[in-house]
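Heads up: the structure comes next, in structure tokens.
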Amino acid sequence: MNKIASFTTSSVGRKLLMGLTGFFLCSFLLVHLYLNLFLLKQDRGSTFDSYADFMATYPLIRPLEIILFAGFLLHAFVGVWLWIANRLARPVRYAVNRPSENSTLSSRTAFWTGTFVLIFLVIHVNTFFVSSRFFPSGISMYERVCEAFQSPLYVSFYLVALAFLAYHLKHGVQSAFQTFGLKRKKYETLITATALVFWLMLPIAFAVLPLYFLLAH
């Protein structure tokens, strides 16, 4: 037990936890996008509401929600921990600092893009999950989505958050591959393609949804 605790609190252990929770949350994004795409189906939200009702009532979903919530918290906690540790490791700034020569912009801003995404998630979860689960108003989830995405202010905030998410994922996916020792020449094409799916194509697909409801309704 002590060995496990020592490993998870080490620099390598923290990076592995960051990578594992990051991959876990990426898998959630794929599932979340798949379900959200039913919003575009021309059946007035019938299919989407069926999935929403299933997610809200099926008993096995509840433990998965707890695991997902724990994954988000652990990822955020370890991210802050790594950021603080990196700051403390260099308490005195270099006389000449050229960060652009040592790291990418996405890696240098990962903490701040992650912070913005976390703020967005709190608002997003409150708008849809908390309000529908704990404060039901009699309207369907599809109607709730329509209402939210017909607000230019909320849509603008949503799109900005997706831009921050894209930048966060651009660094996170490639960093995770490097942490697991997979960032090698023979995997370069696969890693580049995987990163492109998550940091570019996934946010674009999510962006289609609010724009569709804002412009087409």
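The values are calculated or read from the model by the stated rules, or taken from the named source; none is laboratory data. What you see is a predicted model; the values in this text were computed from it and never measured. Note that we place each Cβ from the backbone using ideal geometry, even for glycine, and neighbour counts take in every protein chain shown.
If you go through region 36-52 and pick out every residue that is of a type in the set (Lys, Arg) and in contact (Cβ under 8 Å) with a residue 24 or more places away in the chain, you end up with 1. Note on region 33-42: residues that are exposed (fewer than 12 other Cβ atoms within 10 Å of the Cβ) and not polar (S, T, N, Q) total 2. Among the candidates 162, 82, 74, the residue that is buried (at least 17 other Cβ atoms within 10 Å of the Cβ), touching a helix residue (DSSP H, G or I) at 6+ places or on another chain (Cβ under 6 Å) and at pLDDT 90 or above is uniquely 162.
What is the one condition in (1) over 21 Å from the mean Cα position of the chain (by Cα); (2) modelled with pLDDT under 90 that residue 14 does not satisfy? The failed condition is (1).
With respect to the conditions (1) surrounded by 17 or more Cβ atoms within 10 Å (Cβ to Cβ); (2) at pLDDT 90 or above, residue 153 lacks only one, and its number is (1). Selection of first residues in region 181-203 that are charged (D, E, K, R) and of second residues that are assigned to a helix (DSSP H, G or I), restricted to Cβ pairs under 8 Å at least 6 apart or on distinct chains, gives the following pairs, ordered by first then second residue: 183/174; 183/177; 183/191. Under the condition of being exposed (fewer than 13 other Cβ atoms within 10 Å of the Cβ) and under 30 Å from residue 146 (Cβ atoms), the residues counted in region 169-200 number 0.
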